Structure formats: C-alpha cells, structure tokens
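Q: Below are the structure tokens for one structure; questions will follow.
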Ligand SMILES: Nc1ncnc2c1ncn2[C@@H]1O[C@H](COP(=O)(O)OP(=O)(O)OP(=O)(O)O)[C@@H](O)[C@H]1O
Ligand SMILES: [Mg+2]
C-alpha cells in the first residue's frame, strides 16, 4: 500500500451554535500531518460537532478551518480530501460490501479496472476478502466497522475522521479493533482524528489527546502530559481514576491552602500498608478502613475510607491479602489541589523533610 | 390451560364479529352490485358498460387518476424529502398543511376551487384570456382529485425517511456524489416500496373521489363526468342496470389496486426482513 501524503489541520477561533445552544466555543487547535489524535470528552461536549465542521458537514458561525495552511471554510466537504467514518458507520444498506467501498471511486469516475483493483486491495487490507457480495446487514459489528474504514479510505483521503469508531462494538472485539486501527493508521501515515469518550481508548490509540468539555477545548497534549500536568480542574477530574476530597487538609502532612480549594487523589498517588507491615513515613500516614476489594486481574483495587473519603488504591497480587473492614495505614504521596488560580501538584511534606535529611 | 381456552373463545368471538361486519357492510353490497348489474342478462350488462358515455367516464377517471398520481408522486417526494432531511423554520406547519386534505371535507375543497378560479375570482379574466377553463372542465376535475389525494404519498414516505436518518446521504455527499446520484442509489432503494404503496393508495382514492369532483365538474355527460359522477347520474335516472354495471367497472379497478397492494406489501416486507 502506498504511503499517502497527509494534511495538517488547524482550527482558529471556531464558534458554532445550534439555535441558542453554543456547541463550540472558541476552538483553537493544530494537528500536524500524519498524527493520530483523539478528541476525548464527555457526551455532549461538542466532539462530533468539531469533526463535522472539519468535514464540511456543518458550517462554523465564526473562525477559520485550515487544511495544509489553506482556509477551507468555503470549500465543499467533498473537496477537502476527507474520509469520514460515521458513528453508526452509515454503510449503504442497499449496496454490497464491494459497491460500498467502490462508491467513492465511482462517483469520481475512476476507470473500472482501477476501481476493481483498489477495492480488492482494501478488502485485503481489512481482512474481509470473500465478503464483497454481502450486504451490510449480513456483517458482524467488527466487519461493518472495517468496511466503513475501507470505504472512507478508498478515494485516498489525506485526512481520516472517525466518530466513536468502537462505540457500537462489544468489549472484547473492541480491544482487538483498537490495536488494529492504530496499526492501520500508523502504516498509512494518514492524519486522523477519532472521537471517543473512553479515556483508555484515547490513551491506547492516539498520539495526542484533545480534551473537550462543554464546547471548549480544555487541554491538549500527550497522554503522559495530561496525566502529569493537567491544567484545568476538569482535566484533573476527568483523566485518571480521580477522587475528590474536600477535607484534604485533614490528611497528615498536607496543610490548608485557600478556603475553597479541593484535593484530587488518584490510585497511583497512594500506598496502603497493613498495620503489621513496616512503614517508612509512619508519622505521615493516615489511618483508613478497607471498604471494598476489587480483583482487577493483574492487580487489586482497594477502596479505603479515610477521613470520610472513599479513596482508591492499587495493591499488587503478591502483597499480603487484606480484608474488608480491616484497619490499614495509607500514605498519600501527592495530590492535586484545585484552587481559584488553577491546579497544582502538592507533595506530601514528609517526602521533602526526608530529602533534606538525606 | 384455562387462560388459553378463554383466549381461544375471545379470539373466535372477535373473528366472528369481524366476519359478520365485513359480510354485512362489504360482501353483501358487492354481491348486490353484481346481481343488479346482471339482472337483465349479460347482453344488457355489456351494453351498459360499453355505452359511449360509460367508456368516456371510465377514461376520464383514469386520466384524472393518472395526473393525480404523477403530480402527487413528485410533490410527495419533494415534500417528504425536505421535511425529513432538512431542519428549517415552519417545518411543523408545512407537515400539518400536507395533512389538511384528509381533514377538510371534499365538498369544501371543491368550493374553494370554485371561489379561486370561478367567475367571481380575479384570476378568472386572466385565465379566460389565456383560454384556460378550469371550473366545469377537465382541469378542475384533475385539480380536485390532486387536492384530495395529495397527503397519501408523503404520509407513506415520511416515516420511512425519518427512520433512515441522514447519515448515509451525508456519507455519499462527502465522497462527492451529486444530489441525483444520492437519490437514485441511496434514498430511492430505501423508499421504493413505501412509495409504490403510497401510489397505490393515492390511485385508489383518486378513482373513487366524488365530492370535490362533483362540485367542480358541472356534470357534462361525456365531457366532465367521471365514473362515480356518471353512476350517480344513472342512478338518479332510475337506470339501475346501468348504474350498477358501471359500478362494477369501478369495482374491477379497485380489485386490481387491492391485488397490487397485497403484492407490494409482501415484496416490501421480504426485502426489509
Ligand atoms: N444539529 C443539531 N441541532 C441542535 N443541537 C445540536 C445539533 N448537533 C449537536 N447539537 C448539540 O450540541 C451539543 C454537542 O453535540 P455533539 O454531538 O458535538 O456532542 P458529542 O461530544 O459528540 O457527544 P456524544 O459523545 O454524545 O456523541 C449537544 O448538546 C447537542 O445536543
Ligand atoms: Mg458524538
């Protein structure tokens, strides 16, 4: 399969309203050619709207859409070089798989022979050879998704947009398809944006993640960046398995900042010790009670009640087993504090003292 | 077991009621029509149905039906397409207006056209100058037939189109397909059976229309009399054999439509299921 040239995408100051409802608020983003980007956000946060505006299916009220540095606001969607995979796939149900994939080429009056070889090539790529005579209704969910993918790719687009490509597929095949899709797109080198509201999916598949909320872009960057330095309260809460604590100052070695600050604790920020176990910072650990133990396969998630907050923690399978109701020591390494002037990461002060000693 | 028995009893009672109802209100009159039509023997039946005026009336009925079906098919397609595929102000109002003819009495529809195109209308001199006569002429009959049948096709199409959504069309448009290709390859296969079914209903209703046509026709024998009007005329003139013989022509049309309808329903179901 040939390497396609891929386009860069840029949105500048995009606003879009449906009636009185503003679905996009001052959207600015830049995507380099060849990147695989996830639009991640809760339902109704305006992800599909952004995708549809890039595809030309929706016109922004203001702002500019640029593809390869050229403003394309007035270019019809069909001339923007875009392949679109719809949330429900939107396969043509009265056409065979073959005709579905060939459609985009036929409307462009590509010679019959070329159409045939391209369709065969794509069928091979998606591993659906032998299904060309079937109708979409006779395919499994995974096959449908692959066909939709092939159909979008057939006319050699330079940008691929996918709206929740895995939403309609059951969990097990979804995992398979995720890595399949990532591999395909990386191999083709085509600029791709896919929409999802599942952060694991975004982290696993995408190079970069753009987090949307209430029509705005909250933050964009790699998964690691979003994890380690979230810039807005929304991102802190949305990314990771976060628990909000109002009374963060009751935790040992954390002191009170301004009045209406909230603490955020993730499982990877805490460590649990049995009362019998050795504990390094015993004076800085809090007392907690095990409320729930969830087996996660490769690890164990423990929910611990500390000062009235149910905090999640991860324990290794090899650690000594815990019991529900057991009293444990919990050491909180760090937490995010969301205040009026943004988000900051605060370390347990015991760690600082310790480093001074050393 | 007990409930099943009870269910069985209810079932049979309901079936019996339906059958009796149909027999009294449909089968009996139909038999009566035929027996009256043939009362004076086959030859007088044939004479009645081959009567010059009867043939002319039948042809006029077919003509009006044809025009109504063609025009309403085009209109119904456009109307339901724009109601289902676009969002715009006044969409609700438009779809309500489409259903208006169902609720308005055909007589009133006829009178509306008399007022719009008749002698007292400001349009009359203009049309008269152009040599177009609408009232008491064939165009009036066609207009009236179109009016009473125009919701039939869009009403069949709207639910089907709504259920289909716009994704497939958008996908096709994004790949550069023009409106005609999209309609031909994506929308039409989907609405085909509903459309044909709508056409059949429209034709059935058009053939039997009496009220609105009666107001607009002027009852000129051989010129503006459709079959239902002609039957009425014969009946008023105590020509029972003629009236019922002509009715049997209309009945044959109706039976053809009924058979078409059954076939279409079966086909549509098969393709969908
Ligand atoms: N055509 C439309 N008319 C009116 N409102 C719309 C339209 N399209 C989207 N909206 C509204 O805009 C908001 C954002 O919609 P959008 O489809 O972009 O969300 P999303 O992030 O894709 O959500 P989901 O994950 O549920 O698909 C929603 O509140 C939605 O109701
Ligand atoms: Mg969406």
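The values are calculated or read from the model by the stated rules, or taken from the named source; none is laboratory data. Since the structure is predicted, the reported quantities are computational estimates derived from the model, not experimental observations. Note that we place each Cβ from the backbone using ideal geometry, even for glycine, and neighbour counts take in every protein chain shown.
Q: Just to be sure before I move on: is residue B:207 within 15 Å of the chain's Cα centre (by Cα) and either within 14 Å of another protein chain (Cβ to nearest Cβ) or at negative phi (or both) in the structure I sent?
A: When the stated conditions are applied, residue B:207 passes them.
Q: Let me ask something additional. Count, please, the residues in region B:135-170 that happen to be without any contact (Cβ under 8 Å) to a residue 40 or more places away in the chain, more than 14 Å from chain A (Cβ to nearest Cβ) and either under 30 Å from residue A:86 (Cα atoms) or not in a helix (DSSP H, G or I) (or both).
A: The qualifying residues number 1.
Q: Evaluate the following for residue A:84: is it outside any helix (DSSP H, G or I), crowded, with 20+ Cβ neighbours inside 10 Å, touching a strand residue (DSSP E or B) at 6+ places or on another chain (Cβ under 7 Å) and facing chain B (nearest Cβ under 8 Å)?
A: yes
Q: Before we move on, is residue A:287 under 22 Å from residue A:255 (Cα atoms), assigned to a strand (DSSP E or B) and in contact (Cβ under 8 Å) with a residue 40 or more places away in the chain?
A: Answer is yes for this residue.
Q: Now for a different question. Residues being facing another protein chain (nearest Cβ under 9 Å) and either in contact with a helix residue (DSSP H, G or I) (Cβ under 7 Å, 6 or more places away or on another chain) or surrounded by fewer than 19 Cβ atoms within 10 Å (Cβ to Cβ) (or both): count how many of those fall in region B:171-184.
A: Count: 7.
Q: In region B:82-94, how many are surrounded by fewer than 18 Cβ atoms within 10 Å (Cβ to Cβ) and in contact (Cβ under 8 Å) with a residue 60 or more places away in the chain?
A: Going through region B:82-94 one residue at a time, the tally reaches 1.
Q: Among the residues of region A:167-184, is any more than 16 Å from ligand 1 (Cβ to nearest atom), within 14 Å of chain B (Cβ to nearest Cβ) and out of contact with any helix residue (DSSP H, G or I) (no Cβ under 7 Å at 6 or more places or on another chain)?
A: No: zero hits.
Q: Let me ask something else about it. For residues that are within 16 Å of ligand 2 (Cβ to nearest atom) and crowded, with 21+ Cβ neighbours inside 10 Å, scanning just region A:165-183, find the one that is farthest from residue A:108 (Cα to Cα).
A: In this case the residue turns out to be A:166.
Q: Could I ask something else about it? Which number in (1) in a helix (DSSP H, G or I); (2) in contact with a strand residue (DSSP E or B) (Cβ under 9 Å, 6 or more places away or on another chain); (3) buried (at least 16 other Cβ atoms within 10 Å of the Cβ) marks the one condition that residue A:186 misses?
A: Of the numbered conditions (1) in a helix (DSSP H, G or I); (2) in contact with a strand residue (DSSP E or B) (Cβ under 9 Å, 6 or more places away or on another chain); (3) buried (at least 16 other Cβ atoms within 10 Å of the Cβ), the odd one out for residue A:186 is (3).
Q: Would you confirm whether any residue within region A:267-280 is surrounded by fewer than 16 Cβ atoms within 10 Å (Cβ to Cβ) and under 21 Å from residue A:229 (Cα atoms)?
A: Yes, because at least one residue in region A:267-280 is surrounded by fewer than 16 Cβ atoms within 10 Å (Cβ to Cβ) and under 21 Å from residue A:229 (Cα atoms).
Q: Further, regarding this structure: Filter region A:1-31 down to the residues that are more than 12 Å from ligand 1 (Cβ to nearest atom) and without any contact (Cβ under 8 Å) to a residue 40 or more places away in the chain and list them by number.
A: Correct list: A:2, A:30.
Q: Does residue B:31 meet the test of being surrounded by 11 or more Cβ atoms within 10 Å (Cβ to Cβ) and either over 29 Å from the mean Cα position of the chain (by Cα) or not assigned by TED's automatic domain parsing to the domain that holds residue B:141 (or both)?
A: The answer is yes for residue B:31.
Q: Does residue A:63 satisfy the condition of being at positive phi, assigned by TED's automatic domain parsing to the domain that holds residue A:150 and either buried (at least 19 other Cβ atoms within 10 Å of the Cβ) or within 14 Å of ligand 1 (Cβ to nearest atom) (or both)? Full working, then the answer.
A: Numbers: at positive phi: yes; assigned by TED's automatic domain parsing to the domain that holds residue A:150: yes; either buried (at least 19 other Cβ atoms within 10 Å of the Cβ) or within 14 Å of ligand 1 (Cβ to nearest atom) (or both): no.
Criteria not met by residue A:63.
Q: Hey, among the residues in region A:200-225 that are away from ligand 2 (no atom under 16 Å from the Cβ), in a helix (DSSP H, G or I) and within 11 Å of the chain's Cα centre (by Cα), which one's nearest to the other protein chains (Cβ to nearest Cβ)?
A: If we take residues in region A:200-225 being away from ligand 2 (no atom under 16 Å from the Cβ), in a helix (DSSP H, G or I) and within 11 Å of the chain's Cα centre (by Cα), then A:205 is nearest to the other protein chains (Cβ to nearest Cβ).
Q: Considering every residue within region B:7-16, establish whether at least one is outside the structural domain of residue B:204 (by TED's automatic domain parsing), out of contact with any helix residue (DSSP H, G or I) (no Cβ under 6 Å at 6 or more places or on another chain) and modelled with pLDDT under 85.
A: yes
Q: Continuing with this model, one more query. Can you name the residue in region A:245-266 that is under 30 Å from residue A:28 (Cβ atoms) and modelled with pLDDT of 90 or more and is also farthest from the chain's Cα centre (by Cα) among such residues?
A: Here the answer is A:264.
Q: Okay, next question. Consider residue B:110 against the criteria (1) more than 28 Å from residue B:208 (Cβ to Cβ); (2) touching a helix residue (DSSP H, G or I) at 6+ places or on another chain (Cβ under 6 Å); (3) surrounded by 15 or more Cβ atoms within 10 Å (Cβ to Cβ); (4) touching a residue at least 24 places away in the same chain (Cβ under 8 Å): it satisfies all of them except one. Which criterion is unmet?
A: (1)
Q: Would you check which residues across region A:70-80 are in a loop (DSSP other than H, G, I, E, B), within 28 Å of the chain's Cα centre (by Cα) and within 12 Å of chain B (Cβ to nearest Cβ) and list them? First the steps, then the outcome.
A: Of region A:70-80, the ones in a loop (DSSP other than H, G, I, E, B) are A:72-76, A:80.
The next check asks that each one be within 28 Å of the chain's Cα centre (by Cα); those that pass are A:72-73, A:80.
Within region A:70-80, just A:80 meets the criteria.
Q: Sticking with this structure for a sec: If a residue must be free of Cβ contacts under 8 Å to residues at least 12 places away in the same chain and within 15 Å of the chain's Cα centre (by Cα), how many such residues does region B:66-81 contain?
A: Quick first cut of region B:66-81, residues free of Cβ contacts under 8 Å to residues at least 12 places away in the same chain only: B:66, B:70, B:74, B:78.
With within 15 Å of the chain's Cα centre (by Cα) added as a condition, the list becomes B:66, B:70, B:74.
Of the residues in region B:66-81, 3 are free of Cβ contacts under 8 Å to residues at least 12 places away in the same chain and within 15 Å of the chain's Cα centre (by Cα).
Q: While we're on this one: Among the residues of region B:9-28, which ones are within 15 Å of residue B:248 (Cα to Cα) and loosely packed, with under 11 Cβ neighbours inside 10 Å?
A: B:26 - this is the single residue of region B:9-28 that is within 15 Å of residue B:248 (Cα to Cα) and loosely packed, with under 11 Cβ neighbours inside 10 Å.
Q: Next question. Could you check region B:224-238 and list, in sequence order, the residues that are in a loop (DSSP other than H, G, I, E, B) and surrounded by fewer than 16 Cβ atoms within 10 Å (Cβ to Cβ)?
A: B:237, B:238, listed by residue number.
Residue-by-condition table, conditions (1) in contact with a strand residue (DSSP E or B) (Cβ under 8 Å, 6 or more places away or on another chain); (2) over 21 Å from residue A:201 (Cα atoms):
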| residue | (1), (2) |
| --- | --- |
| A:35 | yes, no |
| A:42 | yes, no |
| A:54 | yes, yes |
| A:66 | yes, yes |
| A:96 | no, yes |
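Q: Restricting to region A:70-100, name every residue that is at positive phi and away from ligand 2 (no atom under 16 Å from the Cβ).
A: A:81, the sole residue that qualifies.
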